[in-house]
Amino acid sequence: MIVFKHTFATLAEIWFDPDPLRTIASCDSRVDVILFRHTPCPIPGARCQDTHTLEVDLRQSAEALTSSFDTQTTSDLKRAARGGLKYRYWKNPDKKVLDEFCDFNSRFSERKGLVKSNRQRLEIYSRAGLLDLSTVASNAGTTLTWQSFIVDKQRARYLHGAAAPPNHPSPSRSLVARANRLHHRNNMLRFKEAGVAVYDMGGWYDGKEDPKKLGINRFKEGFGGRVSKSFNYEIALSLKGKLYLELRRRYVDLALLRASYAARRGR
């Protein structure tokens, strides 16, 4: 459990909690809001956001893990191995690395019309010992991809991914795609070595209408795994908590609107 102050409310954020009702019953009376992130079970009577994701089992052997990758993923990984791409990672990174990630991610989010990563929240995760950052660069030193994860003893969940804009002649779209696949493969093997059981791809589109999201699904499915369901809850425990959640919902709606407008202007 991560407890932190936000404006006038005290928040407790919990990831992957298997028993949320027990957590609510035992929560500190000073907490105004509990934020349950991707708990595997529903809370009876509570409003929730149900989400889907793709889980890869890291308890299998490395050989079994990589043999489940599809043809495109395997081909790109072979080409990436010949290209001299460089992979680095940081557990609970310091300010300098966080700044580098957030700057790169902000530029990517502006291009794509996405909400930018919350730097303050990432700092909290890092101090709590939960944040993992990694990057892949070309052999010339050009940063191609960044990825961030929340990691506990059982699960590593993908939070953010950002990629360099493809240019001609470099980096090409195909080079960025190869870097992205290598990035995921290396993270999987590293988390497996650390004893993490599940590699969570950070979401899976449960629909049929959006071709871009379906394309992201296909990319993720290239690493094997299975689709699972989880639940997000934001439970107010006080009047201050109820007010905080209402203001937060309005802020998120406004941020999404601004990001969409910025993306349209950039086209």
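Read-outs: derived from the displayed coordinates by stated rules, not from any lab. On a predicted model such as this, the values are computed, not experimentally measured, just so you know. Note that we place each Cβ from the backbone using ideal geometry, even for glycine, and neighbour counts take in every protein chain shown.
So for the chain, averaging the separation of alpha carbon pairs under 8 Å that are six or more residues apart and normalising by length, what relative contact order in percent results? The value is 30 percent. Put a plus charge on the Cβ of each Lys and Arg, a minus charge on the Cβ of each Asp and Glu, and nothing anywhere else: the dipole of region 52-227 about its Cα centre is then about 300 debye. Under the combined filter of DSSP loop state and at most 16 neighbouring Cβ atoms within 10 Å, region 65-138 retains these trypsin sites (Lys or Arg not before Pro): Lys116.
Pairs of lysine residues in region 52-227 that meet both criteria, 8 or more places apart or on different chains and Cα atoms under 17 Å apart, total 8.
For region 1-141, DSSP calls about 70 percent of its internal beta bridges antiparallel. Taking label points 7 Å from Cα along the Cα-to-Cβ direction, Arg226 and Asp99 give a separation of 4.6 nm.
Averaged over residues, the count of other Cβ atoms within 10 Å places the peptides 28-36, 196-204 in the sequence 196-204, 28-36, highest first.
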